[in-house]
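Q: First the structure, then my questions, so here it is.
All of the numbers you see were taken from the coordinates with simple rules; none came from a lab. It should be emphasised that the depicted structure is a prediction, and the values quoted were computed from it without experimental measurement. Here the Cβ is made from the backbone with ideal geometry for all residues, glycine too, and neighbour counts use every protein chain on show.
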Amino acid sequence: MSEILTTAPTVFLETFGCQMNELDSELVRGALLTLGYRFIDDWAQADVVLYNTCSVREQAEHKAYSRLGLIAQRKRAGEKVVLGVIGCMAERDGKDMFRRYPQVDLLCGPGELDRLPNLIENMRKSQSLGEDAPRLSKDARAALAGNKSRRSTTLAAADDNLELLDLSRAFEPVDARSDRRSAYVRITRGCNKFCTYCVVPNTRGAEVHRPPDSIVEECRRLADSGVVEITLLGQTVNHYRYVHGSAVGRDGAELPQVGPGLNAFRGNSLTTAGVRTTTFADLLARIHDEVPHLARLRFVTSYPRDFGADVLEVMRDAPRICSYIHAPAQSGSDRILKLMNRGYTVGEYLEFVDRVFEFLPDATIAGDFIVGFPTETDEDFEASCALVQRVPFKNNYIFKYSPRPGTVAIDRFTDDVPTETKKLRNNRLLDLQTDVSRVVHERWVGREVEVLLEQVRVHSRAPATAVGGPLSREASAVVHPESKNVVVAWQRAKPIDGTQLLGRTPGDMVTVIDVPAGDWADSLGRICRAKVTKASPMLLHATPLTAL
Ligand code: SAH
Ligand code: SF4
Ligand code: F3S
C-alpha cells in the first residue's frame, strides 16, 4: 500500500456560516476521527483541506473563494492534497465549481454529508496512484442533492441517511478545561418558508423534523458527557412538529418526517383528533423534564409567526429553559415584508413581542434586519427604524440585501437600492440599535444574574491577538449568530491590565467579571451568580456572588 494510505491522514477543516454549519462540521469531524483521520490547525500542512461554506450572502461566498486560491498554490507546488468544498456553497454552485476552480477535488452538499468520508477516501486512493490514475468523473467527486434538494413530499424518510450522521455523534466526556460546554442539537433540517431573498430552502432542502425520542436521547447523552448548555437548531425552530405514527421504520423506530408548509400552522390544523403530535412546546417540556441535569436549554432561530402561547407557557414554567428568543423581523415595512414573503405584518410581529413579555417579563429578544431590499424606499426604511426603536431588542444583526442566484427575489426584482444607500441605512440602523441595546442592558444594572463562564480574557498593554481582534480592546459586540466564537466588533477603549472571565446570562447577555490574575481555566463551564454593576450597549459588568 502506498504511504499516503498507511499514515494517519491529516485534515484541516474551516467553517463559515451559521450554527447549522458549525454542527455539521462537528459531525463531519467525528465521522472522520472514527475513520482514523487526525485534525490539525494548519491548512498548509494538511492532507485533506475542507471548507464548510455558506451561501447566504455574496460576501460569505467570497471568503471561501479566497481560500481556494491558497490551496491552488499548494497544488501548483506539486503537493498532494485533497480539497473539498462542502456545505451550502457546494450545493448552490454545483458541479460548475469544478470548471471554475479546477483545484477543487470534491463537493458535498449539506444534505449529503454522510457521503463525505467515501468521497475523500476515493479521492485519496486516486491521488495515491499518481499521474497514471484514471481521473475520477465529476459525478464520482460530488455528492449533491441537486434537484432532489427539495426532496419534500417524496422523501422516503427511511432513505434519509443524514439522520445517521446526527445519530453518529460522538459523546466523549467533556474535558473540564475544554470550552465544549455548549452543544448544538438539530431538531429540524431544511426550510419550507421560501423567503424571497433566501438561498437556504434550496441549499438545505425541504424541512424535515427529527423524531422526538432521538432528540431527547441526544440531549441526555450530551448532558451525561458534561455539556452544560444545549441550543436546539432549526431555521424556523418553533415550527417543529412531529406527527407520531406516520413515519416508522421496519424496526418500529420513528423516523425523520417531512415538515408541513407554512399554511399548516394556521389554526393548529394539524392537531386532528386521534393523531398524537409532539409540538415544539411539547419537545421543550420533554427535554427539560427528561434531562434534569442539563443546566440550560435554548433554541434558534424562531419564526415570529405562530410563536404560540403554548411555547411561552412552557418557558415560563421551566426554570432551565432560557428566556432568549432570536426572532428576526427583517423589515418594519408591511410592503417589504410582503415582497419578502415573510408571512406576517409588523402588527403581528408586535403582537408576538407583547405576548413574549406578557409571559416572560425578563425575556430578551434578538433579531435580524435586511436593509436595501429591492424597492425599499426611505419611507420603508424609516418603518424599520421605527420598529427597532419600538421593540427592546437586545441586539439585531443588520445585513445589506445581497441578491442570491436561485432565489425568487433575484428573478422578480431589480437590486435597485444603490450600494451607498444600503451602507448608509445599515449604519443608521446599527446606530439606532446601539442606543436600544444600551437601554436594554442598563435595565439589568443592580440585578442578580447567572453567568455561564466561557472565556478567560487577559488584557495587557502589549498587543496580543485573539479571534476577531487584539485583546487590548474591549469587545463591543460579541458572538455573532452565524459563528458563536467570533468577536465581530471591537470598541476602542483604553487598554487595561487585568484578567476577566466572560460568560453569558440565560438571556444571552455577554457578561464580564473582573478577577485577579491567575489560572481560571477550571472555572469555565461553571454557572456563577453575579450582581450587575454597570452596562454598555453590548456588555454587562458584574461582581461575583458565588465562588468562581
Ligand atoms: N432561518 C432564519 C434565517 C437564516 S439566514 C430566519 O428566517 O430567521 C440568516 C439571516 O441572513 C436572515 O435572517 C437574513 O436577515 C439574512 N439574509 C438571508 N438572505 C439574505 C440576503 N440575500 N441578503 C441579505 N441578508 C440575507
Ligand atoms: Fe431563509 Fe426564510 Fe427559511 Fe429563514 S425562514 S431560512 S430566511 S427561507
Ligand atoms: Fe449559510 Fe447555509 Fe447556514 S447558506 S446561513 S450555511 S444554512
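Q: Which entries of Lys95/Lys423; Lys63/Lys394; Lys75/Lys422 have Cα-Cα distances beyond 32 Å here? Write down the numbers at each step before the final one.
A: On the way: Lys95/Lys423 34 Å; Lys63/Lys394 28 Å; Lys75/Lys422 39 Å.
Beyond 32 Å between Cα atoms: Lys95/Lys423; Lys75/Lys422.
Q: Net charge within 14 Å of Gln330 by Cβ-Cβ distance, Lys/Arg positive one each and Asp/Glu negative one each, not counting Gln330 itself? Walk me through the intermediate numbers first.
A: Numbers: positive: Arg57, Lys193, Arg305, Arg335, Lys338, Arg342, Lys400, Arg425; negative: Asp334, Glu348, Asp368, Glu376, Asp380.
Within the 14 Å Cβ shell, the charges total +3.
Q: Need one word for region 79-127: rounded, prolate or oblate. Basis is the Cα gyration tensor (sqrt eigenvalues a ≥ b ≥ c); a/c below 1.5 gives rounded, then a/b vs b/c decides.
A: Details: a/c = 2.51, a/b = 1.18, b/c = 2.12.
The shape class here is oblate.
Q: Name every cysteine in the chain that ends up alone, with no second cysteine's Cβ under 4.7 Å, or say none.
A: Cysteines lacking a close Cβ partner in the chain: Cys18, Cys54, Cys88, Cys108, Cys191, Cys219, Cys322, Cys385, Cys528.
Q: What ranking, highest mean first, results for peptides 295-303, 63-71 when packing means the other Cβ atoms within 10 Å averaged over each residue?
A: In decreasing order of mean packing, 295-303, 63-71 become 295-303, 63-71.
Q: Something else about it: Cut-off is 10 Å between beta-carbons; in what order do Thr543, Thr53 appear when sorted fewest neighbours first?
A: Working: Thr543 10, Thr53 29.
Sorted ascending by nearby Cβ count, the order is Thr543, Thr53.
Q: Could you work out how far apart the two model spin labels at Ala140 and His293 are, taking each label as a point 7 Å from the Cα in the direction of the beta carbon, and quote it in nm?
A: My value for the distance between the label points is 4.8 nm.
Q: Then there is this: Once a ≥ b ≥ c are taken as the square roots of the eigenvalues of the Cα gyration tensor of region 10-143, is the result rounded (a/c under 1.5), prolate (a/b larger than b/c) or oblate (a/b not larger than b/c)?
A: Working: a/c = 1.38, a/b = 1.22, b/c = 1.14.
Rounded is the answer for region 10-143, as its axis ratio a/c remains below 1.5.
Q: Can you show me the helix-derived [θ] at 222 nm for the chain, built from DSSP H runs with n ≥ 4 at -39,500 (n - 2.57) apiece and divided by the number of residues, rounded to the nearest 500. All intermediate terms of the calculation are to be shown ahead of the outcome.
A: Values: 16 runs with 170 residues, N = 548.
Computed ellipticity for the chain at 222 nm equals -9500 deg cm²/dmol.
Q: Now, a different point. When Phe280, Phe12 are ordered from fewest to most other Cβ atoms inside 10 Å of their Cβ, what list results?
A: Numbers: Phe280 27, Phe12 19.
Exposure proxy ranking, most exposed first: Phe12, Phe280.
Q: Could you check what % of the DSSP bridge pairs in the chain are antiparallel, to the nearest 5? Write down the numbers at each step before the final one.
A: Details: 37 of 80 bridges.
Restricted to the chain, the bridges split so that about 45 percent are antiparallel.
Q: What distance in nm separates the two pseudo spin-label positions at Glu351 and Asp42, each 7 Å out from Cα along the beta-carbon direction?
A: The answer from the label model is 6.0 nm.
Q: If R0 is 22 Å, what FRET efficiency do you get for Leu129 and Lys75 from their C-beta distance, rounded to 0.05? Provide the component values of the computation, followed by the final result.
A: On the way: r = 17 Å, r/R0 = 0.75.
About 0.85, to the nearest 0.05.
Q: Please give the length that would be gained between Arg412 and Asp514 if that part of the chain were fully extended, namely 0.36 nm times their separation in residues minus their C-alpha to C-alpha distance (nm, one decimal). Mind showing how you got there, number by number?
A: Working: separation 102, 0.36 × 102 = 36.72 nm, distance 5.30 nm.
The Arg412-Asp514 span can extend by a further 31.4 nm.
Q: Checking the a/c ratio against 1.5 first, then a/b against b/c, what shape does the Cα gyration tensor give for the chain? Let's see the in-between values first.
A: Values: a/c = 1.33, a/b = 1.19, b/c = 1.12.
Verdict is rounded for the chain.
Q: Which of the peptides 27-33, 439-445 is most tightly packed, and how do the rest follow, judged by the mean count of other Cβ atoms within 10 Å per residue?
A: Details: 27-33: 19.1, 439-445: 17.0.
Final packing ranking: 27-33, 439-445.
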